[in-house]
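The values are calculated or read from the model by the stated rules, or taken from the named source; none is laboratory data. Computed from a prediction, not measured in an experiment: that's the story for all the values here. Don't worry about glycine lacking a Cβ; one is built from the backbone with ideal geometry, like all the others, and counts go over all protein chains shown. Accessible surface areas use protein heavy atoms only, side chains included; no ligands, DNA or RNA. Shrake-Rupley method; radii C 1.70, N 1.55, O 1.52, S 1.80 Å.
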Amino acid sequence: MKRVALGGAVGAAFILCWVGAGVAPSSLLDPANLRAVGAFVRGLFPPDLSPGFLGVAAAATVRTLAISIAGTALSVILGLCLGVLATASLWRRGPLVDGREGGPLALLSLAARGIARFLRAVPDLVWALLFVVAFGLGPLPGTLALAVSYAGVLGRVYADLFEAVPEAPVVALHAAGASPLQVFVAAIWPQAAGSVAAYTLYSFECCVRSAAVLGFVGAGGIGAEITLSMRLFEYGQVTTLLGAFVVLVLCVDGVSRALRGRFRRNAVHGSGLLQAPLELRPMRRGFRFLWVIVAVVAFAEAGFGSLLAPDVLPHVARFAAQLFPPDLSPPFLASILTPLWQTVAISVVGTVLGVVLGAILAVPATASVMFDPEARLRRLRALAYGVARATLAVLRSIPELVWVLLCILAVGLGPFAGVLALGLHTAGVLGKLYAETLEEVSTGAPEELRAIGAPALQRLVWAAWPQARETLASYTLLRWENNLRVSTVVGLAGGGGLGLALYNAVQLGFYDRAATLVAVVFVLVSVTDALADRLRRKPAVQRAPESGLALVAEAG
């Protein structure tokens with residue numbers, strides 16, 4: 001009975017979200033929208049490869065990379081400060097505190113953790129929009145947005161890494177009379193340095209992807225050029241710019257993976273030595289001058305020279321003053337309810353659409369299903385596998401805001417375009433995760449079902465799925481959390497929700513209302529994170545089941 005009641009509640013909530021998201025499948029078949037989509041697709045080819053525009057695309061790519069490098073560098077500096085202060089084992093609890101819990105340093109540590117939460121809860125595109133108003137159009141707002149947003153992420157991750165190191169060297173140094181900072185430098189940092197470096201490189205990859213879309217609000221880079229080309233109906237230029245962005249992302253991912261592989265965690269606990277940094281030391285010495293040149297060029301391309309203008313800081317101060325006090329009038333708060341509902345609805349329906357499409361594409365993208373040695377039509381199966389994998393790669397490579405612009409052509413402005421954009425991008429992400437999870441399950445149960453004559457699809461349903469479902473559910477919940485953040489900003493490109501309300505408030509100069517909307521976004525994301533943490537269960541350690549027939553019986 002409880003399951004029936006729960007299912008009814010979930011169904012009713014989904015229907016409400018469906019209505020709130022303005023889902024109208026009939027608009028996909030509207031003749032005018034079909035003509036617009038057809039004209040857009042025809043305009044994408046051939047791409048604009050003229051020397052003049054290739055120069056524009058190259059300059060935008062270099063500027064995007066510069067924004068990413070400068071933003072990552074600033075986020076690392078700020079993130080390290082927040083991470084050290086937010087490390088509970090240094091300031092709030094554990095053997096280093098010695099009964100001094102609740103002192104000023106503990107309060108400062110809690111404040112640092114709260115600041116990191118706020119910085120990462122507000123989407124980087126919202127930060128970029130605010131910095132554009134404060135500093136003007138150009139790459140500088142995008143760099144600052146990445147620095148602020150990813151500082152919150154890195155501060156939390158760094159603090160978790162610092163707390164996770166083995167305690168023996170920490171306690172030994174503390175017993176010898178070392179201060180908390182001395183303990184951090186001599187015992188905590190040497191053990192966490194490899195993991196910190198690896199995650200920092202991963203953060204740089206994320207910054208490159210984010211930098212490409214910050215231009216949609218005027219923060220420079222490839223996104224600004226894509227927006228301009230879309231407004232001029234130069235769709236061949238859009239193809240060229242998207243191709244440049246994909247090449248940039250692939251190159252950065254490849255270099256980052258190669259560098260991350262050179263960092264190995266915890267070489268010798270407590271010794272203050274890490275094998276990988278020692279191996280990299282000659283490279284750092286040999287290319288020290290090169291790294292300085294890269295940093296100088298990146299910060300110059302990121303627009304930091306504009307900070308020297310005499311009227312910049314006074315303008316920033318005036319803008320900051322106009323943000324306070326936030327508009328808390330009852331009529332305005334009441335007007336937020338509709339875009340708030342739309343934002344939640346977009347995230348829910350978009351995630352469900354992504355789950356459905358991703359699951360459909362995950363089956364042919366699973367190698368253990370398509371490359372069954374006993375199956376027929378092997379060439380056709382290989383072709384289907386390649387097409388599915390390529391489709392998933394394309395879906396997840398195109399950022400959500402670019403999908404919004406494309407979906408607006410198909411269904412017009414409004415939350416339905418945001419739903420389709422989230423659904424398409426989520427399908428690419430979850431489809432890949434689903435396929436890889438199904439490939440990594442224990443092979444014992446599927447092989448037993450193979451032995452009794454079960455085909456590949458039955459082995460997938462009755463042997464692989466029961467082992468992978470908890471992990472798949474965890475991935476889906478994590479993706480919904482991410483989609484809720486994204487759904488707060490899709491309105492900046494015309495996708496409805498809180499993003500559209502925030503964009504209108506900024507464009508009309510109602511900065512006190514913009515501050516209220518940013519606070520609403522923060523509260524919404526924080527509440528959702530807390531809810532997801534309660535719902536999420538850590539996937540059980542996968543082990544080989546006793547038998548495939550036992551799995552079938554359990555699933556049935």
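Couple of notes before you dig in:
- Rolling a 1.4 Å probe over the heavy atoms of the protein chains gives the stretch 1-150 an accessible area of 49 Å² per residue.
- Of (i) 22.5, 76; (ii) 25.5, 79; (iii) 29.0, 138, the label for Rg and Dmax of the Cα atoms in Å derived from the coordinates: (ii)
- Extension gain for Asp30-Leu54 works out to 5.1 nm (0.36 nm per residue, less the C-alpha to C-alpha distance).
- When the helices of the chain are scored as -39500 (n - 2.57) per DSSP H run of n ≥ 4 and the total is divided over every residue, the value at 222 nm lands at -24500 deg cm²/dmol.
- Only protein heavy atoms count here; on that basis, with a 1.4 Å probe, His315 has an accessible area of about 70 Å².
- Among Met230, Met1, the order of accessible area from largest down is Met1, Met230, computed with a 1.4 Å probe on protein heavy atoms.
- Total formal charge among the other residues, if their Cβ is under 12 angstrom from that of Val518, Lys/Arg +1 and Asp/Glu -1: -1
- Near Ala219: Cβ cut-off under 11 Å, other residues only, Lys/Arg at +1 and Asp/Glu at -1. The net charge is 0.
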